[in-house]
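Q: First the structure, which I've put down as structure tokens, then a few questions once you've had a look.
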Amino acid sequence: MAIERTFSIIKPDATARNLTGAVNAIIEKAGLRIVAQKRILMTRGQAETFYAVHKARPFFGELVDFMTSGPVVVQVLEGEGAILKYRDVMGATDPSKAAEGTIRKVHAKSIGENSVHGSDAAETAAIEIAQFFAGNEIVG
Ligand code: GDP
């Protein structure tokens, strides 16, 4: 399988509970390498651009409010089949439906405050990485 890069966010509900290291431990145990990482406060503009695909959804305003409510940690993860692998490691969007041992099963609070984001395809991974990182900030 090819080495891929995917984009990850540790969301405000997780940073608020001081879980950055706990989430990173699950990521690394799964064999993914954190090749870029920074803690930022997302602006509303950044959050609206990032989640533009969900603009028409009833929870869009709530989602932007949440993603700008506190610090997030944006990351680039690298590894074999990283995109699908990280989706598996995160677990289902709704933590009550997530598999045992996944980040969302272990740490998420609700379907909205679900601790992590991970890209869903190669095209979106490239776009999301480029929104938050310059090429020279990613060191594999
Ligand atoms: P993901 O790819 O598993 O993150 O899920 P989606 O792309 O479907 O949704 C993006 C994000 O929107 C989720 O991770 C949640 O933070 C949020 N979200 C999705 N569904 C709901 C919902 O029904 N209510 C709220 N408040 N937020 C939601």
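Q: So which residues in segment 103-119 are free of Cβ contacts under 8 Å to residues at least 60 places away in the same chain and either farther than 18 Å from F60 by Cα or more than 11 Å from the ligand (Cβ to nearest atom) (or both)?
A: The answer is R104, K105.
Q: While we're on this one: From K29, K55, K38, grab the single residue that is farther than 25 Å from V139 by Cα and surrounded by fewer than 18 Cβ atoms within 10 Å (Cβ to Cβ).
A: Among K29, K55, K38, only K55 is farther than 25 Å from V139 by Cα and surrounded by fewer than 18 Cβ atoms within 10 Å (Cβ to Cβ).
Q: Now a separate question. Looking at segment 96-105 only, could you name the residues that are in a loop (DSSP other than H, G, I, E, B) and surrounded by fewer than 16 Cβ atoms within 10 Å (Cβ to Cβ)?
A: Correct list: A99, E100, G101.
Q: Follow-up. Checking the conditions here, which among F7, F50, F66 is touching a residue at least 60 places away in the same chain (Cβ under 8 Å), under 15 Å from V116 (Cβ atoms) and out of contact with any helix residue (DSSP H, G or I) (no Cβ under 6 Å at 6 or more places or on another chain)?
A: F50
Q: Might you check whether a residue that is touching a Gly at 6+ places or on another chain (Cβ under 7 Å), of a type in the set (A, V, I, L, M) and either assigned to a loop (DSSP other than H, G, I, E, B) or at pLDDT 95 or above (or both) occurs anywhere in segment 106-129?
A: no
Q: Here's a follow-up. Let me confirm something: among A22, A56, A16, which residue is hydrophobic (A, V, I, L, M, F, W, C) and within 14 Å of M67 (Cβ to Cβ)?
A: Testing whether each residue is hydrophobic (A, V, I, L, M, F, W, C) and within 14 Å of M67 (Cβ to Cβ) leaves just A16.
The values are calculated or read from the model by the stated rules, or taken from the named source; none is laboratory data. Since the structure is predicted, the reported quantities are computational estimates derived from the model, not experimental observations. A quick note on method: Cβ atoms are made from the backbone with ideal geometry, for glycine too, and the neighbour counts reach across all protein chains shown.
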